[in-house]
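Right, one structure below, let's go through it.
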Amino acid sequence: MNPIFLTVLGIAIPFLGTTLGALSVFFMNLNRKRLLLTQKLLSGFAAGVMLAASVWSLLLPALEAENGLGSAFFGFLCGVSFFLLCDVFLEKLRRQEKTKGKKSLFVFAVTLHNLPEGLAVGVLFASARDSASEEAYAAAGIAALGIAIQNLPEGAILSLPLAALGKKKGAAFGHGVLSGVVEPMAALAALWATAWVRPLLPFVLSFAAGAMVYVSCDELIPEATVGEGRRLGHFMLALGFAVMMLLDVLLG
């Protein structure tokens, strides 16, 4: 198959995952009770997926890279610290009624953590292009598919609450889609500048892992595991973790 077509398809697959997740806003009954339960289930599942992905899709590849231990350690703590500071800043703005608070942090975190994922996909396809081997293209495609599956609940959990808060469904869908636009853009940038991006990848991947762990613990896990339906939230968290772990091990 044409290498250019394979590369374009591979770059588009993660973005398609976010888009399909955001599309759920057009098919869900958004009455308050059902929305709260759906949001709890999605929060639990997304938290589990993000925690597993932060280990298998981000930290382990960072550690396996050359001189990856120091970069992974420092990058992970930088990711946590950065979003801790963002949380403090957004909380101050929320008190001044200039932002909607933690939901803004989650939207920001999901959008930002798509950046290193896009860079990783771009580097993988650049390596496949350089080696011109079918095995390298297959490995890059599997990684892109795993990221797309991870992006499905993220797209939904961004769009559904916005629609419930009164935004038109089209606008809520657009917000979910826009959060994933950064991914193919980053992949294209990595394809163009692989020699510069590759040495930074361990730090960038672990930074994204720190961001995902912080946001999962700060927002998604409390939302999923507190109040009515919390047992389902616990189960969905474990299910999300197990599904992403299985996919990463089997497909990676």
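The values are calculated or read from the model by the stated rules, or taken from the named source; none is laboratory data. Here the structure is a predicted model, which is why all the values come from computation and not from measurement. In this analysis, Cβ positions are derived from the backbone assuming ideal geometry, glycine residues included, and neighbour counts consider all displayed protein chains.
Total residues in segment 133-188 satisfying the condition of being closer than 22 Å to Glu219 by Cβ, touching a Phe, Trp or Tyr at 6+ places or on another chain (Cβ under 6 Å) and not charged (D, E, K, R): the figure is 3.
Go through the residues of segment 206-214 one by one and say whether even a single one is aliphatic (A, V, I, L, M), under 20 Å from Leu124 (Cα atoms) and modelled with pLDDT of 85 or more.
no
Among residues that are crowded, with 24+ Cβ neighbours inside 10 Å and assigned to a helix (DSSP H, G or I), Leu152 is not included.
Checked against (1) part of a helix (DSSP H, G or I); (2) more than 27 Å from Gly122 (Cα to Cα), Gly227 meets all criteria but (1).
Restricting attention to segment 130-140, does a residue exist that is in contact (Cβ under 8 Å) with a residue 40 or more places away in the chain, assigned to a helix (DSSP H, G or I) and within 18 Å of Gly17 (Cα to Cα)? Within segment 130-140, one or more residues are in contact (Cβ under 8 Å) with a residue 40 or more places away in the chain, assigned to a helix (DSSP H, G or I) and within 18 Å of Gly17 (Cα to Cα).
In segment 151-160 there is no residue that is farther than 28 Å from Gly240 by Cα and at pLDDT below 80. Taken over segment 225-246, the residue count meeting the criterion of being loosely packed, with under 15 Cβ neighbours inside 10 Å and in contact with a helix residue (DSSP H, G or I) (Cβ under 7 Å, 6 or more places away or on another chain) is 1. From the list Phe89, Phe83, the one residue that fits, being closer than 13 Å to Phe207 by Cα, at pLDDT below 85 and not basic (Lys, Arg), is Phe83.
The rows are residues; the columns are (1) under 13 Å from Ser206 (Cα atoms); (2) at pLDDT 80 or above; (3) buried (at least 18 other Cβ atoms within 10 Å of the Cβ); (4) touching an Asp or Glu at 6+ places or on another chain (Cβ under 8 Å).
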residue	(1), (2), (3), (4)
Phe26	no, yes, no, no
Arg34	no, no, no, no
Thr38	no, no, yes, no
Gly68	yes, no, yes, no
Cys78	yes, yes, no, no
